[in-house]
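The values are calculated or read from the model by the stated rules, or taken from the named source; none is laboratory data. No experiment lies behind these values; they were computed from the predicted model shown. Here Cβ is always computed from backbone atoms with ideal geometry, including for glycine, and neighbour counts include all displayed protein chains.
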Ligand code: NAD
C-alpha cells in the first residue's frame with residue numbers, strides 16, 4: 001500500500017487529536033504531583049489567587065464535582081488503599097469514602113456576621129488563609145483527604161497534602177481525580193497538590209515553609225506535637241483511645257451489637273472506634289454471650305497471653321516508665337488472621353476477638369487499632385467512669401456509653417470531657433453514620449476546633465462602614 005492510498009487528512013487529524021490528548025494528560029498529572037515542597041507551594045499559591053478571582057457559586061461547583069467523582073470512584077479507591085496499606089476492610093472504606101464525599105459541609109456553612117446601629121454597619125467575613133499544608137494518616141487516607149479538600153477549598157484555600165507514605169499512591173489518585181473534576185468545571189489546576197515522595201521530612205518542610213499559611217495535622221501524637229511547635233497556626237487532630245461503658249441499665253443485646261459493629265469497623269482503624277470495653281460486673285456475662293452471637297470470638301486466658309506477646313510492643317522511656325505500642329504488622333488486620341498467628345483457626349465468620357483483662361493491661365491503655373477488643377469488668381458505674389477517664393488518657397477524643405440512666409450518662413460526659421460523646425449507638429454515630437450531624441475525618445481535640453469544617457479553615461475579617469447602610 002502506498003501513501004497515496006491512505007486518507008491523509010483523516011490520519012493527520014487523528015495524530016493531532018492524540019498529541020493534544022497526551023499533552024492534556026501530561027499537564028494534568030504533572031500539575032498536581034510535585035517533586036519538591038517549594039514547587040508545590042508556588043503552584044498552589046497561584047491556584048489560590050485564581051480561585052479568589054472567581055465567584056463562590058463557582059467554588060460550589062468544584063465541591064459538587066469532587067463529591068461526584070469520589071462517589072463514582074469510592075470502590076476503586078477503597079480497593080487500592082487496602083492493597084497498598086495492607087490495612088482495613090474494603091467495604092468499610094467504601095462507606096468512609098462516600099461519607100466524606102456526601103456529608104462534609106461545603107461553602108454554605110460559611111456565614112457572615114453583621115452588627116448595625118447608630119454608627120453604621122460592621123460585617124465579619126470568613127476569609128481564606130491561603131495555602132494550607134495538610135498532613136494525613138494511613139488509617140483513613142482517602143476519607144481524610146476528601147474531607148479536608150472539600151472543607152479547605154470551600155473556604156477558598158488551596159491545599160498541599162503530605163500524605164502517609166504507606167498510602168501514597170491511592171492518596172495521589174484521589175487528589176488527581178478531584179483536581180481533574182475541578183479543572184473540568186473551569187477551575188485552576190493545582191488547587192489540591194500532592195508530593196511525589198511524601199515522608200515525615202516533607203511534612204516537616206511544609207510545617208516550616210513560609211508559603212504555608214495554616215497547617216492541619218491528622219495523625220498520632222508525634223505529628224500533632226511537631227505541628228503545634230512549628231511557630232504557625234496549626235490544627236491538631238490527634239490520637240484517641242475511646243472507652244465504651246456498659247452499665248446495668250443498658251439494653252445489653254443492643255449494646256453488644258453496637259460495640260461489635262463499631263469496634264470491628266474497618267478492623268478498628270478509625271480514631272473514634274471503641275478501643276476498650278468497660279462493663280459493670282452484674283451484666284458482664286450477658287454482654288459477652290451477646291457479643292459472641294454478634295460474631296465475636298471470646299479468647300481464653302492462654303490465648304490472651306499469646307496475643308499479648310505478638311500484638312503489644314513494650315519499650316522503656318528514659319524516665320524508666322514502661323510504654324506500649326501496637327505491633328504495626330497487625331494494625332488493621334482481620335480478627336481471623338490475627339488468631340491464626342497464634343495458632344487458632346476459627347471456622348465461623350468472626351469480626352472481633354474479645355480479651356477479658358485488667359484495666360491496666362496494655363490492650364486497655366494502648367490505642368491498638370486492631371479488632372482485638374479488651375473487656376474490663378468493674379463493680380459499679382463510678383469505677384467504670386474512673387477507668388474510662390484513665391484509659392482515654394486525656395486525649396479529649398471520643399467516648400461511648402450504653403445506659404438508660406441519664407445521671408450515669410451525664411456523669412461520664414462531664415468526667416471525660418471528650419470532643420465526641422456517643423450514647424446508645426456505635427461510635428461511628430458520632431461522625432454522622434446513623435446519627436445526626438455532618439461528618440469530618442479531622443477531629444481536633446487538642447486544639448479545640450472539634451469536628452472541623454470549612455469554618456475552621458478561615459480567618460475572620462472585619463469590614464466597617466461608618467454612619468451609613470444601617471437602615472433602621
Ligand atoms: P502517624 O502519626 O504515624 O502519621 C500521620 C501523618 O503524620 C503521616 O503523614 C506521617 O508521615 C506524618 N508524621 C508522623 N510523624 C511525624 C513527625 N514527627 N513530623 C512530621 N510528620 C509526621 O499516624 P497514622 O498511623 O497514619 O494514623 C493513626 C493515628 O492517627 C492514630 O493515633 C489515630 O488516632 C490518629 N488519627 C486521628 C484522627 C483525628 O481526627 N483526631 C483521625 C485519624 C487518625
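A few notes on this one:
- Residue list for segment 310-328, restricted to those being touching a residue at least 12 places away in the same chain (Cβ under 8 Å) and part of a helix (DSSP H, G or I): 310, 311
- Filter result for residue 133 (over 15 Å from residue 77 (Cβ atoms), in contact with a helix residue (DSSP H, G or I) (Cβ under 8 Å, 6 or more places away or on another chain), part of a helix (DSSP H, G or I) and within 13 Å of the ligand (Cβ to nearest atom)): no
- Some residue of segment 169-177 being farther than 22 Å from residue 90 by Cβ and in the same structural domain as residue 233 (by TED's automatic domain parsing): no
- Residue that is part of a loop (DSSP other than H, G, I, E, B) and within 10 Å of the ligand (Cβ to nearest atom), where the choices are 202, 139: 139
- Top-ranked residue in segment 221-252 [being farther than 13 Å from residue 401 by Cβ and part of a strand (DSSP E or B); ranked as nearest to the ligand (Cβ to nearest atom)]: 237
- Within segment 152-193, the set of residues being assigned to a helix (DSSP H, G or I) and over 19 Å from residue 73 (Cα atoms) comprises 152, 153, 154, 165, 166.
- Subset of segment 156-185 that is more than 17 Å from the chain's Cα centre (by Cα) and crowded, with 24+ Cβ neighbours inside 10 Å - its residue that is farthest from residue 53 (Cα to Cα): 178
- Test: residue in segment 291-311 that is away from the ligand (no atom under 16 Å from the Cβ), farther than 15 Å from residue 370 by Cα and buried (at least 24 other Cβ atoms within 10 Å of the Cβ): yes
Here is a yes/no grid of residues against (1) over 17 Å from residue 242 (Cβ atoms); (2) in contact with a helix residue (DSSP H, G or I) (Cβ under 7 Å, 6 or more places away or on another chain); (3) in the same structural domain as residue 295 (by TED's automatic domain parsing):
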position	(1), (2), (3)
337	yes, no, yes
350	yes, yes, yes
400	no, yes, yes
406	yes, no, yes
418	no, yes, yes
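- For segment 186-193, the criterion of being touching a residue at least 60 places away in the same chain (Cβ under 8 Å), more than 16 Å from the ligand (Cβ to nearest atom) and surrounded by fewer than 18 Cβ atoms within 10 Å (Cβ to Cβ) is satisfied by at least one residue.
- Residue check, residue 272 touching a helix residue (DSSP H, G or I) at 6+ places or on another chain (Cβ under 8 Å), within 16 Å of the ligand (Cβ to nearest atom) and either touching a residue at least 12 places away in the same chain (Cβ under 8 Å) or outside the structural domain of residue 396 (by TED's automatic domain parsing) (or both): yes
- Residue, nearest to the chain's Cα centre (by Cα), within segment 401-428, restricted to residues that are under 20 Å from residue 143 (Cβ atoms) and away from the ligand (no atom under 16 Å from the Cβ): 426
Rundown of residues vs (1) closer than 27 Å to residue 380 by Cα; (2) modelled with pLDDT under 95, yes/no style:
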residue: 281; (1), (2): yes, no
residue: 287; (1), (2): yes, no
residue: 290; (1), (2): yes, no
residue: 294; (1), (2): yes, no
residue: 304; (1), (2): yes, no
residue: 311; (1), (2): no, no
residue: 316; (1), (2): no, yes
residue: 319; (1), (2): no, yes
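- Residue check, residue 126 crowded, with 24+ Cβ neighbours inside 10 Å and outside any loop (DSSP other than H, G, I, E, B): no
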